Amino acid sequence: MSAFAAFARTTRTLAPRTAVVLGSGLAGTASAFTERASVAFADIPGLVPPTVRGHGSRLMVGEWSGVPALLFLGRLHFYEGHAREVVVGTVRTAAELGVKRIVLTNAAGGIHPSLQPGGLMAIRGHLKLLNSKAWRNLASDTAVSQPYSERLIEVILSHEAAAGRELLAGVYAALTGPSYETPAEIRALAACGADAVGMSTALEAEEAARLGLQVAAISCITNKAAGLGDAAIDHAEVLMNAKLAVERMGELLGRLVGERGA
Ligand code: HPA
């Protein structure tokens, strides 16, 4: 039996309803997760190992605070040289393994003045600024323009309100990367309504919604976007600041994994 077939068999036994994708520097949020089986991305049909520092490259199945869940440690990005089909391969794999819900996380630069490094933002909508027809997107009749579940946004907001915290549900601008933006680009994005900026999530969210999954997405704000902070942005800072949000992000993910209902 192949490594993936063995993994799929364990997954069928546990029957997780939710998949979580952890972005840059966010592996530490999974401290409440107990692994039962795992498989390397390289052994999953259609996927390849990621190349970005700060990303693991495994799919795990287990329990998050006792609730069965799939957990992608790492994701694939366009700027690593992957085609759209490869980037959304994580989402397709999750759907094939039978989950009904996916929670996408990412590291992002904060544009909205309330977003500070170490903070979180729920994604209510996105600007898909990925050019080249979103890397040869699906025909427009199958694209999903509003992939994010309003109900899951409400779950996130009420969880944070109960903990006495405010959380912005805002707009994520997805760019191709790999370089960070210029200050002028950030001013343009702000004028276009973006609250945070990053290099992932939009295509995965659309594909997941197209496949009928409920979608939630949370950005971990790792830096002020270009021109809004005191210093230049660098990847080491992004990874370090992601750690500031680990506990709060982990709690929220546990809440979403435990959420019942359609
Ligand atoms: N821009 C784009 N992607 C990012 C950023 C940023 O400022 N921070 C983390 N990922």
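The values are calculated or read from the model by the stated rules, or taken from the named source; none is laboratory data. Given the structure is predicted, the values throughout are model-derived calculations rather than measurements. Cβ sites come from the backbone with ideal geometry, for glycine too, and all protein chains shown count toward neighbours. Please note that ligands, DNA and RNA were not included when accessible areas were found on the heavy atoms of the full protein model with its side chains. Shrake-Rupley method; radii C 1.70, N 1.55, O 1.52, S 1.80 Å.
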Please report the net charge: other residues with Cβ closer than 12 Å to the Cβ of residue 213, K and R +1, D and E -1.
+1
Tell me the mean residue ellipticity at 222 nm calculated for the chain from its helices only (DSSP H runs of n ≥ 4, each -39500 (n - 2.57), averaged over every residue, nearest 500).
-8500 deg cm²/dmol
Treating the beta-carbon of each Lys and Arg as +1 and of each Asp and Glu as -1, no other charges, what is the dipole magnitude of the range 146-262 about its Cα centre, to the nearest 20 debye?
200
Candidate residues 31, 219: accessible-area rank, largest first, probe 1.4 Å:
31, 219
Find, to one decimal place in angstroms, the Kirkwood hydrodynamic radius of the range 214-260, where the mean of 1/r is taken over every pair of different Cα atoms and then inverted.
12.4
Lys, Arg +1 and Asp, Glu -1 on Cβ, resulting dipole of the chain about Cα centre, debye, nearest 20
560
For 88, 67, give the ranking by accessible area with the largest first, probe 1.4 Å.
67, 88
Protection proxy (average C-beta count within 10 Å per residue), highest first, orders 194-202, 251-259, 75-83, 176-184 as 194-202, 251-259, 75-83, 176-184
Residue-by-residue Karplus 3J(HN,Hα) for the range 209-222, coefficients 6.51, -1.76, 1.60, Hz, glycine and proline x
5, 4, 7, x, 7, 6, 10, 10, 9, 10, 9, 9, 7, 9
So what J values fall out for the range 256-261 if you push phi through Karplus, 6.51 cos²θ - 1.76 cosθ + 1.60 with θ = phi - 60°, rounded to Hz, Gly and Pro as x?
6, 5, x, 5, 9, x
Whole-Hz ³J(HN,Hα) for each residue in the range 111-116, computed from phi via Karplus 6.51 cos²θ - 1.76 cosθ + 1.60 with θ = phi - 60°, x for glycine and proline: what do you get?
9, 4, x, 7, 8, 10
Take each of the peptides 159-165, 24-30, average the number of other beta-carbon atoms within 10 Å over its residues, and list them starting from the highest.
24-30, 159-165
What the Cα atoms of the chain span along the principal axes, largest first and in whole Å, is 53, 43, 36
In the chain, with Lys and Arg counted as +1 and Asp and Glu as -1 at Cβ, which of these residues, 108, 90, 184, has the Cα nearest the positive end of the dipole, that is, farthest along it?
90
Translational diffusion coefficient, Stokes-Einstein: compute it for the range 155-262 using the Kirkwood radius over C-alpha pairs as Rh, at 10 °C and 1.306 mPa s, and state it as an integer in µm² s⁻¹.
101
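Just want to confirm a number: the relative contact order over the chain, from Cα pairs under 8 angstrom separated by 6+ residues, in percent.
26
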FRET efficiency for residue 184 and residue 230, Cβ-Cβ distance as r, R0 = 30 Å, nearest 0.05?
0.95
Residue-count net charge about residue 232 - beta-carbon cut-off 13 Å; Lys, Arg +1, Asp, Glu -1:
-3
For residue 240 and residue 191, compute 0.36 nm times the residue count separating them, minus their Cα-Cα distance, and round to one decimal in nm.
14.8 nm
Give me Rg/Rg_expected for the range 148-197, where Rg uses Cα atoms only and Rg_expected = 2.2 N^0.38 Å with N residues.
1.46
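So what are the range 1-109's ellipsoid semi-axes, whole angstrom, largest first, if each one is the square root of 5 times an eigenvalue of the alpha-carbon gyration tensor?
Each semi-axis is √(5λ); the values are 20, 17, 12 Å.
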Could you size up the charge dipole of the range 1-136 around its Cα centre, putting +1 on the beta carbon of Lys and Arg and -1 on that of Asp and Glu, and report it in debye to the nearest 20?
380
